[in-house]
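K.L.:
Structure incoming, see below.
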Amino acid sequence: QDVMDIEVKPKPSRPHWYERHVQACVAELLGSALFIFIGCLSVVEDSGGTGRLHPALAHGLALGVTIAILGDI
């Protein structure tokens, strides 16, 4: 009888407590701060001629950048 070699895969280790808890909270804080800061600045700096389009585009751009940078965390 031939005995087949069975590969034993090591059990994936759990992420460090920092990666599980702190990193996610810091990413959420930075993402929310960027979104709110950019959105508020776009409304404050509105010159009156752009109407609602400028703040809407600024919020959309801020959200897109935040997701692209912090999405994998």
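K.L.:
Can you name the residue in the stretch 21-60 that is charged (D, E, K, R) and surrounded by 11 or more Cβ atoms within 10 Å (Cβ to Cβ) and is also modelled with the lowest pLDDT among such residues?
P.N.:
Let us first name the residues in the stretch 21-60 that are charged (D, E, K, R), namely 28, 45-46, 52.
From what is left, the residues that are surrounded by 11 or more Cβ atoms within 10 Å (Cβ to Cβ) are 28, 45-46.
Numbers: E28: 88, E45: 66, D46: 56.
Across the stretch 21-60, the extreme among qualifying residues is D46.
K.L.:
Moving on to the next point. Cβ-Cβ distance below 8 Å, separation of 6 or more or different chains: which pairs start in the stretch 8-29 with a residue that is of a type outside the set (D, E, K, R) and end on one that is surrounded by 10 or more Cβ atoms within 10 Å (Cβ to Cβ) and assigned to a helix (DSSP H, G or I)?
P.N.:
Correct list of pairs: A27/L70.
The values are calculated or read from the model by the stated rules, or taken from the named source; none is laboratory data. Please read these numbers as outputs of a predicted model, since none were measured by experiment. Cβ: placed from backbone, ideal geometry, glycine included. Neighbour counts: every protein chain shown.
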